[in-house]
Amino acid sequence: MKEILHYLFNHNSLSEAQAYDILKSITEGKYNEIQTASFLTVFQMRDITEAEMKGFRRALWELCIPMDTEGQDTICVCGTGGDGKNTFNISTLSSFIVAGAGYKVTKHGNYAVSSNCGSSNVLEALGYQFTSNTDQLKKQLDEANICFLHAPLFHPAMKQVASTRKQLKVKTFFNMLGPLINPARPSHQFTGVFNLKTLRLYSYLLEDSNTSFSVVHSLDGYDEISLTGAFKIAQNKGASTFTPEEIGFNTLDPKLIHGTDDVQSNAALFTKILKNEGTEAQAQVVVANASMAIQTMEENLSFEDCRAKAKESLVSGNAYRALKNLTS
């Protein structure tokens, strides 16, 4: 690791093959926590390259436990995290709205590292039991239109870095990798990222796959469509920038989409919003993200039609029923 760090400290970047080899060595426990932490912090000081991301992703794909969805079209709705905005669980709530609208969601997630409450934290608090049993997950997908793939169960190699990431308490390139290594390899992906450079990087990486994708970043720093200002979206067909008003929503005060300070409170808020008992602002932001996810799957539908489907899922109770079916 000493030679690797010197190489990187001299402003060099890794080839895809080098990145692949190093990450495999890290996950095999060949380096101690201090060495691993030093390596991770290099990418806090400079942008990660496309070749490095490809190498890291290839290593984790090789080591993961796959889930075969047998050719079904599915979507993963998730964010990289790491934006430091302390919102409630917008992407996870949006996933249930998409499921309630009749689409299959293979949601990939984990415990929080740099925020108060990740998708795994909130679903566990709501009684969901994590599993890597493919038959059970397929049954959930059939009955609830959604299943949840808890990252540590499908990426056992990540155990080697879990403690280091938890102690660092800052976003690392693993935040960036998370949405790119869904074990179900969904056909569609709606992902929020924490800055524009990552949006461009994701676009390059996803363009090389068969995935239909939408990658979003709110220009005031959120890794989702926050409705607090304009956002940029990159898709297979190109990139565009929109204001909330241009997609039929109001601009929101950031305070209106804050989460709470602990997991149980976030779980209670999660249920309240899915029951359509949240505030107008909370409903707007989850419907906005779910609408864009639906359009990622239904690119021939107008955004207005996708928004109507998302709103109906929430208001009718279908989104909440998807949660109950998943956790029962």
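The values are calculated or read from the model by the stated rules, or taken from the named source; none is laboratory data. A quick note: this is a predicted structure, and the numbers were derived from the prediction, not measured. Heads up, the Cβs are rebuilt from the backbone with ideal geometry, glycines too, and the neighbour counts pull from every protein chain shown.
Values as computed for the structure displayed
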item	result
Among (1) in contact with a strand residue (DSSP E or B) (Cβ under 8 Å, 6 or more places away or on another chain); (2) buried (at least 23 other Cβ atoms within 10 Å of the Cβ) - the single one N89 does not satisfy	(1)
Flag for G84 being modelled with pLDDT of 95 or more, in the same structural domain as K311 (by TED's automatic domain parsing) and surrounded by fewer than 19 Cβ atoms within 10 Å (Cβ to Cβ)	no
Any hit, the stretch 235-246, residues being within 17 Å of the chain's Cα centre (by Cα) and either free of Cβ contacts under 8 Å to residues at least 60 places away in the same chain or over 21 Å from T92 (Cβ atoms) (or both)	yes
Meets criteria (buried (at least 18 other Cβ atoms within 10 Å of the Cβ), modelled with pLDDT of 95 or more and touching a helix residue (DSSP H, G or I) at 6+ places or on another chain (Cβ under 9 Å)) for T228	yes
Qualifying position, being closer than 28 Å to F39 by Cα, among the polar types (S, T, N, Q) and in contact with a strand residue (DSSP E or B) (Cβ under 7 Å, 6 or more places away or on another chain), among S203, S214	S203
Qualifying positions in the stretch 55-86 - acidic (D, E) and in contact with a strand residue (DSSP E or B) (Cβ under 9 Å, 6 or more places away or on another chain)	D73, D83
Matching residues, the stretch 245-296, being small (G, A, S) and within 30 Å of Q235 (Cβ to Cβ)	G248, G259, G278, A281, A283, A288, A290, S291, A293
Helices (runs of 4 or more DSSP H) completely within the stretch 248-328 that count 3 or more residues being farther than 18 Å from F148 by Cβ and of a type in the set (A, V, I, L, M, F, W, C)	280-297, 303-316
Filter result (surrounded by fewer than 24 Cβ atoms within 10 Å (Cβ to Cβ) and outside any loop (DSSP other than H, G, I, E, B)) within the stretch 61-77	W61, E62, L63
Some residue of the stretch 233-245 being surrounded by fewer than 23 Cβ atoms within 10 Å (Cβ to Cβ), in the same structural domain as A99 (by TED's automatic domain parsing), closer than 16 Å to D83 by Cα and among the charged types (D, E, K, R)	no
Any hit, the stretch 185-206, residues being in a loop (DSSP other than H, G, I, E, B), over 18 Å from the mean Cα position of the chain (by Cα), charged (D, E, K, R) and in the same structural domain as K311 (by TED's automatic domain parsing)	no
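Quick grid of which residues meet (1) in a helix (DSSP H, G or I); (2) surrounded by fewer than 19 Cβ atoms within 10 Å (Cβ to Cβ); (3) not assigned by TED's automatic domain parsing to the domain that holds S265:
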position	(1), (2), (3)
T106	no, no, no
L137	yes, no, no
C147	no, no, no
Q160	yes, yes, no
R165	yes, no, no
M176	yes, no, no
